[in-house]
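Chemist: Dropping a structure here in structure tokens format, bear with me for questions.
The values are calculated or read from the model by the stated rules, or taken from the named source; none is laboratory data. Because the structure is predicted, anything quoted here is derived from the model rather than measured. Positions of Cβ are backbone-derived with ideal geometry, glycine not excepted, and every protein chain shown enters the neighbour counts. Side chains included, ligands, DNA and RNA excluded: accessible areas come from the protein's heavy atoms. Shrake-Rupley method; radii C 1.70, N 1.55, O 1.52, S 1.80 Å.
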Amino acid sequence: MTPDLTELTLIRPDDWHLHLRDGDMLKGIAPESARDFGRAIVMPNLVPPVVTGQQARAYRDRIMAALPAGSAFRPLMTLYLTEETDADDLIAAHDAGIVTAVKLYPAGATTNSASGVRDFDKVQPVLERMAEAGVPLCVHGEVTDPDVDIFDREAVFIDNVLDPIRRRTPGLKVTLEHVTTQDGVDYIRDASAGIAGSITTHHLIINRNNLFAGGLRPHYYCLPIAKREAHRVALVEAATSGDPRFFLGTDSAPHADPAKESGCGCAGVFSATNTLACLAHVFEAAEALDRLEFFTSRNGPAHYGLPENEDTITLQRTPEPLALPAKIETGAGPVTLFDPGFALHWRVKDTPQEPAQ
Ligand code: DOR
Ligand code: ZN
């Protein structure tokens, strides 16, 4: 790495885990991802969830309509796996290029996950068809048993659910999404081929202390919940190592402020707007700016078997801290932007994407 690097050009990044919502919220926040990212894997946890190929196509159309004119951003759609998922419909939607991956939410694990999977045996035939057809499975890796401590839910899921699924479904390509623990990092590193992990921006920056620093901080509440500092350090090591099995999935998940700042606040951190500035800071601090491109732009496409983006973005170090808005105003209400807790000194130079064909 050049010690006094002030500009860094990267293959245009992708976001391998994103919530774009629908309606006025979608219209308000889609431009925030479209500005810097080439593509994103779009989560299907709408109400009701996106469960059929036809619904995925219609949702993709709504996303395209919400993008700024001329945007080249491409949403990569997912289907929400339920115990009733029709494998033929799923495979057909994948073969037609409508659906890129399938999302497994354990029922009750997080926002809008009520239709998720309770009995993993019931989805085994679908998982086998996916393995055969090469459809990747994106996993929310937390058990939902209320007797399991919230800080242990990822590690228990890996042992009790994920590893058994992978053993009985050889060939299934899996993304363990939003890895938050050393246990998750170790599992991916030690596993045979076919599994990778996405890591969010905020889990690289906050630990569980930040949730309670001076009071309750609802805008740091997300699921999986941030863990203790040793886990955050393990995530930074994995992300900045260049290891092809780790890549960016922001899990940027907007909720309007009243739904966060409430007696029973929603889980989700909104980081689409400042993710690249935050990541440049994290990678610079780890003396790993030369490996940022692997994390943001190269490892993800390799895992999903997709080409890298053809264009680039340039990050520029600025002496003055960035002046970002605290909130993004949307037709569905204001959405507070992730506050990393430090000044940001990297900005994405204005490099408009080529319009979509
Ligand atoms: O914090 C989260 N928010 N975690 C999830 O898994 C879902 C997401 C959301 O949809 O708000
Ligand atoms: Zn998510």
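Chemist: Taking the condition of being open to solvent by 20 Å² or more (accessible area, probe 1.4 Å), aliphatic (A, V, I, L, M) and away from ligand 2 (no atom under 16 Å from the Cβ), how many residues in the stretch 211-235 meet it? First the steps, then the outcome.
Modeler: Initially, the stretch 211-235 is screened for residues open to solvent by 20 Å² or more (accessible area, probe 1.4 Å), giving 212-221, 223, 228-233.
Checking which are aliphatic (A, V, I, L, M) leaves us with 213, 216, 223, 230, 233.
Filter again for away from ligand 2 (no atom under 16 Å from the Cβ), leaving 213, 216, 230, 233.
Selection size over the stretch 211-235: 4.
Chemist: Could you list, in sequence order, the residues of the stretch 186-195 that are touching an Asp or Glu at 6+ places or on another chain (Cβ under 9 Å) and either crowded, with 24+ Cβ neighbours inside 10 Å or not in a loop (DSSP other than H, G, I, E, B) (or both)?
Modeler: Across the stretch 186-195, the qualifying residues are Tyr187, Ile188, Arg189.
Chemist: Identify the single condition in (1) touching a residue at least 60 places away in the same chain (Cβ under 8 Å); (2) closer than 17 Å to Thr169 by Cα; (3) crowded, with 19+ Cβ neighbours inside 10 Å that Leu127 does not satisfy, given that it satisfies every other one.
Modeler: (1)
Chemist: OK, next. Go through the stretch 30-58 and give me each residue that's over 28 Å from Val174 (Cβ atoms) and either within 14 Å of ligand 1 (Cβ to nearest atom) or open to solvent by 40 Å² or more (accessible area, probe 1.4 Å) (or both).
Modeler: Arg35
Per-residue answers, yes or no, for (1) open to solvent by 50 Å² or more (accessible area, probe 1.4 Å); (2) part of a helix (DSSP H, G or I); (3) out of contact with any strand residue (DSSP E or B) (no Cβ under 8 Å at 6 or more places or on another chain):
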{"residue": "Asp145", "(1), (2), (3)": "yes, no, yes"}
{"residue": "Arg153", "(1), (2), (3)": "yes, yes, yes"}
{"residue": "Val156", "(1), (2), (3)": "no, yes, yes"}
{"residue": "Val161", "(1), (2), (3)": "no, yes, no"}
{"residue": "Arg167", "(1), (2), (3)": "yes, yes, yes"}
{"residue": "Pro170", "(1), (2), (3)": "yes, no, yes"}
{"residue": "His178", "(1), (2), (3)": "no, no, no"}
{"residue": "Gly184", "(1), (2), (3)": "no, yes, no"}
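Chemist: While we're on this one: Identify, by number, the condition in (1) in contact with a Phe, Trp or Tyr (Cβ under 8 Å, 6 or more places away or on another chain); (2) more than 25 Å from Phe338 (Cβ to Cβ); (3) surrounded by fewer than 22 Cβ atoms within 10 Å (Cβ to Cβ) that Arg208 doesn't meet.
Modeler: With respect to (1) in contact with a Phe, Trp or Tyr (Cβ under 8 Å, 6 or more places away or on another chain); (2) more than 25 Å from Phe338 (Cβ to Cβ); (3) surrounded by fewer than 22 Cβ atoms within 10 Å (Cβ to Cβ), Arg208 is out only on (2).
Chemist: When the stretch 257-272 is examined, which residues are found to be open to solvent by 20 Å² or more (accessible area, probe 1.4 Å) and either among the small types (Gly, Ala, Ser) or away from ligand 1 (no atom under 11 Å from the Cβ) (or both)?
Modeler: Pro258, Ala259, Glu261, Ser262, Gly263, Cys264, Gly265
Chemist: Restricting to the stretch 96-124, give me the number of residues that are within 15 Å of ligand 2 (Cβ to nearest atom), β-branched (Val, Ile, Thr) and either in a helix (DSSP H, G or I) or within 17 Å of Leu172 (Cα to Cα) (or both).
Modeler: Looking only at that region, the number is 1.
Chemist: Considering only residues that are away from ligand 2 (no atom under 16 Å from the Cβ) and in a helix (DSSP H, G or I), look in the stretch 1-29 and name the one that is surrounded by the most Cβ atoms within 10 Å (Cβ to Cβ).
Modeler: Ranking the candidates gives Gly28 first.
Chemist: Please specify each residue of the stretch 236-283 satisfying the condition of being touching a helix residue (DSSP H, G or I) at 6+ places or on another chain (Cβ under 6 Å), part of a helix (DSSP H, G or I) and away from ligand 2 (no atom under 16 Å from the Cβ).
Modeler: Val236, Ala238, Ala239, Thr240, Val282, Phe283
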